[in-house]
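Novice: Below: one structure in structure tokens.
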Amino acid sequence: LFTGSAKERIKNALLRELKENIEEKQELLAYLEANKPVFPDLSGYLITHKKFGEGTVKACENEQLQIEFSVETKFITNITTLFKNGIIDLNDDFVKEQIKAIDYWEERKRVTKMEINCLQIEIKKMGK
């Protein structure tokens, strides 16, 4: 079995590795923050909404759209989520790819933050 000093060396090596992993994840997070994809200006685009039908985007600011449907004008937010869940269709393959890139960026950022948090919890469990 391990002696007291061997256990301490193993624990210290694990702590170093956890801290290095945190640093790598923090660098990735900083990179992601610095390289956020730009939400495309969808003004003038035709979209199809599952409930409201076809409409034309009249104004676009980030993920908030003002869309003119045949019956009324609606303000819609969270376009990335609505697109991913099939509530809206953007009728343009290039724009669809841009929206998918934003969704991937958001998910990668969320997962990286979660990984950092888990590594920090592991360090706390080890008492350092």
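Novice: For residue 42, only one of the following conditions fails: (1) modelled with pLDDT of 95 or more; (2) surrounded by 16 or more Cβ atoms within 10 Å (Cβ to Cβ). What is its number?
Specialist: If we test residue 42 against (1) modelled with pLDDT of 95 or more; (2) surrounded by 16 or more Cβ atoms within 10 Å (Cβ to Cβ), just (1) comes out false.
Novice: For residue 69, are the conditions met, namely being in contact (Cβ under 8 Å) with a residue 12 or more places away in the chain, within 19 Å of residue 108 (Cβ to Cβ), surrounded by 13 or more Cβ atoms within 10 Å (Cβ to Cβ) and of a type in the set (Phe, Trp, Tyr)? Steps first, answer last, please.
Specialist: Details: in contact (Cβ under 8 Å) with a residue 12 or more places away in the chain: yes; within 19 Å of residue 108 (Cβ to Cβ): no; surrounded by 13 or more Cβ atoms within 10 Å (Cβ to Cβ): yes; of a type in the set (Phe, Trp, Tyr): yes.
Here the answer is no, as residue 69 does not meet what is asked.
Novice: Can I ask one more? Any residue in region 88-105 that is within 30 Å of residue 23 (Cβ to Cβ), open to solvent by 50 Å² or more (accessible area, probe 1.4 Å) and of a type in the set (Ser, Thr, Tyr)? Working first, answer last.
Specialist: Filtering region 88-105 for residues within 30 Å of residue 23 (Cβ to Cβ) gives 100-105.
Those still in the list that are open to solvent by 50 Å² or more (accessible area, probe 1.4 Å) too: 100, 104.
Going one step further and asking which of them are of a type in the set (Ser, Thr, Tyr), we end up with 104.
Yes, region 88-105 contains a residue that is within 30 Å of residue 23 (Cβ to Cβ), open to solvent by 50 Å² or more (accessible area, probe 1.4 Å) and of a type in the set (Ser, Thr, Tyr).
Novice: Among the residues of region 45-71, how many are at positive phi and under 26 Å from the mean Cα position of the chain (by Cα)?
Specialist: Total meeting the criteria: 1.
Novice: Which residue, of 36, 84, 96, 124, is farther than 30 Å from residue 11 by Cα and out of contact with any Lys or Arg (no Cβ under 9 Å at 6 or more places or on another chain)? Write out each step before concluding.
Specialist: Numbers: 36 fails: out of contact with any Lys or Arg (no Cβ under 9 Å at 6 or more places or on another chain); 84 fails: out of contact with any Lys or Arg (no Cβ under 9 Å at 6 or more places or on another chain); 124 fails: farther than 30 Å from residue 11 by Cα.
Of 36, 84, 96, 124, the one residue that is farther than 30 Å from residue 11 by Cα and out of contact with any Lys or Arg (no Cβ under 9 Å at 6 or more places or on another chain) is 96.
Novice: Just need a number here: residues in region 1-30 that are farther than 20 Å from residue 113 by Cα and open to solvent by 50 Å² or more (accessible area, probe 1.4 Å). Please lay out each step first, then the result.
Specialist: Taking region 1-30 as the starting set, the residues that turn out to be farther than 20 Å from residue 113 by Cα are 1-14.
Imposing the further condition that a residue be open to solvent by 50 Å² or more (accessible area, probe 1.4 Å) reduces the set to 1-5, 7-12, 14.
Count: 12.
Novice: Okay, next question. Which of (1) exposed (fewer than 12 other Cβ atoms within 10 Å of the Cβ); (2) on the phi < 0 side of the Ramachandran plot; (3) out of contact with any helix residue (DSSP H, G or I) (no Cβ under 7 Å at 6 or more places or on another chain) does residue 36 not meet, given it meets every other one?
Specialist: (3)
The values are calculated or read from the model by the stated rules, or taken from the named source; none is laboratory data. None of these values were measured; they are calculated from a predicted model. We place every Cβ from the backbone using ideal geometry, glycine too, and count neighbours over all the protein chains shown. Note: accessible area is taken over every heavy atom of the protein model, side chains too, but ligands, DNA and RNA are not part of it. Shrake-Rupley method; radii C 1.70, N 1.55, O 1.52, S 1.80 Å.
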